[in-house]
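First the structure, in the form of structure tokens, and then the observations on it.
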Amino acid sequence: MERELLIAPSILSADFSCLAEQVAKAAEGGADLLHVDVMDGHFVPNITIGPLVVESLKRSTILPIDVHLMIDNPERYLDQFIEAGASWISFHVEATNHSHRVIQRIKEYPGVKAGVALNPATPVTYLHHILEDLDFVLIMSVNPGFGGQKFIPNALEKIEVVRHMIDSKGLDVKIQVDGGISAANADRVVLKGAEILVAGSAIFGAEDIPQAVRGIRKAAPI
Ligand code: DX5
Ligand code: ZN
């Protein structure tokens, strides 16, 4: 399977007072997706943004919007986020009793990519009966809720195991890794099999945003 690196800056660490400008800088640096972290104060101890912001972003950038739902019962809000402009969307398997149903619902929208996210302590066995239906798996390399946390090294083994599951079934499912990613560890996660790198503080916390995106790409061996 042809591998391609996608860089997904997470706006969680952006300056929301000039969000469109910050996003434009990430695009200038060659970002591929725009990662939007949605938190509800229940599934994670933080509250962020809703579909309205996704709708505004959709009008202000040509980057595909990748919505990461960190909310309980994602089935309740899924449609709103897709209708607002998400073209990639992931939800946490820990947040619903009905992962299969949620995936099928996403797939009713032509062209929208479906992903499931796994917290650091969630075993990969959750993927066994749904992997074939997915476009991507999001492996959390921090506990979800906040930007700027330290990368949890156990994620490396998990990436490797999921890569093996995907390849042994001959599937075209991408692995996204999220949390504590920077130019300093991009090579390690990519070597284990990740193809989509989410980075928040390493990009929007940098003095030069376009250069930070380029730096991650340069550090990654695909
Ligand atoms: C954390 C979010 C991440 C976050 C990553 O719950 O899912 O997308 O923005 O931020 P960094 O790259 O700073 O760890
Ligand atoms: Zn995220």
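Let me check something: with ligands and nucleic acids excluded, how do 173, 53 order by accessible area (1.4 Å probe), largest to smallest?
Numbers: 173 5, 53 45 Å².
Correct descending sequence by accessible area is 53, 173.
Which one, 138, 34, 171, has the greatest fluctuation when you compute a Gaussian network model over the chain with C-alpha springs under 10 angstrom?
Ranking 138, 34, 171 by mean-square fluctuation puts 171 first.
Using a 10 angstrom cutoff on alpha carbons, build the Gaussian network for the chain and name the most mobile of 153, 210, 64.
Maximum among the listed residues: 153.
Could you identify which residue out of 191, 57, 134 has the top mean-square fluctuation in a GNM of the chain using Cα springs shorter than 10 Å?
191
Once both labels are modelled 7 Å past Cα along the beta-carbon direction, what's the residue 28-residue 160 spacing in nm?
Label-label distance for residue 28 and residue 160, simple model: 4.0 nm.
Which Rg and Dmax, in Å, describe the Cα atoms of the chain?
In order Rg, Dmax, the Cα atoms of the chain give 15.8, 46 Å.
Whole-Hz Karplus ³J(HN,Hα) for segment 118-130, in order, using 6.51 cos²θ - 1.76 cosθ + 1.60 and θ = phi - 60°, x for Gly and Pro?
Values per residue, Gly and Pro as x: 10, 5, x, 8, 8, x, 5, 4, 4, 8, 3, 9, 10 Hz.
Can you give me the long-range amide H partners of residue 117? Hydrogens built in the peptide plane at 1.01 Å from N, cutoff under 5 Å, separation of 5 or more residues or another chain.
For residue 117, the qualifying residues are 91, 92, 93, 138.
Report the FRET efficiency, 1/(1 + (r/R0)^6), for residue 218 and residue 60, where r is their Cβ-Cβ distance and R0 is 30 Å, rounded to 0.05.
0.65
Given 25 °C and 0.890 mPa s, compute D for segment 8-109 with the Stokes-Einstein relation, Rh being the Kirkwood radius over Cα pairs; round to the nearest whole µm²/s. Intermediate values should be presented prior to the final figure.
On the way: Rh = 13.9 Å.
Stokes-Einstein gives a translational diffusion coefficient of 177 µm²/s.
Got a sec? What order do 66, 79, 172 fall in by accessible area at 1.4 Å, biggest, i.e. largest, first? The partial results should precede the final answer.
Working: 66 0, 79 35, 172 105 Å².
Final ranking, largest accessible area leading: 172, 79, 66.
Ignoring ligands, DNA and RNA, what percent of the 1.4 Å accessible area of segment 6-219 is carbon and sulfur?
Values: 4670 of 9210 Å².
Percent of accessible area from carbon and sulfur atoms in segment 6-219: 51.
Of 83, 2, which has the most accessible area and how do the rest follow, probe 1.4 Å? The partial results should precede the final answer.
Numbers: 83 135, 2 165 Å².
Order by accessible area, largest first: 2, 83.
Can you work out the Karplus-derived ³J(HN,Hα) for every residue in segment 36-44? Use 6.51 cos²θ - 1.76 cosθ + 1.60 with θ = phi - 60°, whole Hz, and x for glycine or proline.
Taking θ as phi minus 60°, the curve returns 10, 8, 9, 10, 10, x, 10, 5, 10 Hz for segment 36-44.
Check which residues have an amide H placed less than 5 Å from residue 49's amide H, if you skip close sequence neighbours.
Close amide H contacts, sequence-distant or interchain: 39.
Give me the three principal axis extents of segment 125-185 from the C-alpha atoms, as integers in angstrom, largest value leading.
Here the Cα extents, ordered largest to smallest, are 34, 22, 17 Å.
Would you mind counting up the charge near residue 155? Only other residues with Cβ under 13 Å from its Cβ, with Lys and Arg at +1 and Asp and Glu at -1.
Values: positive: 150, 158, 163, 188, 192; negative: 157, 160, 178.
Summing Lys/Arg as +1 and Asp/Glu as -1 gives +2.
R0 = 22 Å: FRET efficiency of residue 53 with residue 108, Cβ-based, nearest 0.05?
The pair residue 53/residue 108 has a calculated efficiency of 0.40.
Is any helix in the chain, taking whole DSSP H runs, at least 20 angstrom long along its axis by alpha carbon and on average at least -1.0 on the Kyte-Doolittle scale, and which ones? Please report the intermediate quantities before stating the final value.
Working: long enough: 154-168 (22 Å, -0.10).
Going by DSSP H runs, the hits are 154-168.
Express the accessible area of the chain per residue in Å², computed with a 1.4 Å probe while the remaining protein chains stay in the model.
Numbers: 9880 Å² over 222 residues.
Result: 45 Å² of accessible area for each residue.
What are the ³J(HN,Hα) couplings of segment 6-15, residue after residue, when phi is run through the Karplus curve with 6.51, -1.76, 1.60 and θ = phi - 60°? Round to Hz, x for glycine and proline.
10, 10, 10, x, 9, 6, 3, 9, 7, 8
Can you count the Lys pairs in the chain whose Cα atoms are under 25 Å apart, with each pair 8 or more apart or on different chains?
Taking the Cα cut-off of 25 Å, the pair count is 25.
Using a 1.4 angstrom probe and counting only protein chains, how large is the accessible area of residue 128 in Å², to 10?
Spelled out: residue 128, probe radius 1.4 Å, area about 80 Å².
At what distance in angstrom do the alpha carbon centres of segment 203-222 and segment 86-113 lie from each other?
Distance between centres, Cα-based: 29 Å.
The values are calculated or read from the model by the stated rules, or taken from the named source; none is laboratory data. Model, not experiment: these values are computed from the prediction. Because the Cβ atoms are built from the backbone with ideal geometry, glycine has one as well, and the counts that use them run over all protein chains shown. For accessibility, only protein heavy atoms count, side chains too; no ligands or nucleic acids. Shrake-Rupley method; radii C 1.70, N 1.55, O 1.52, S 1.80 Å.
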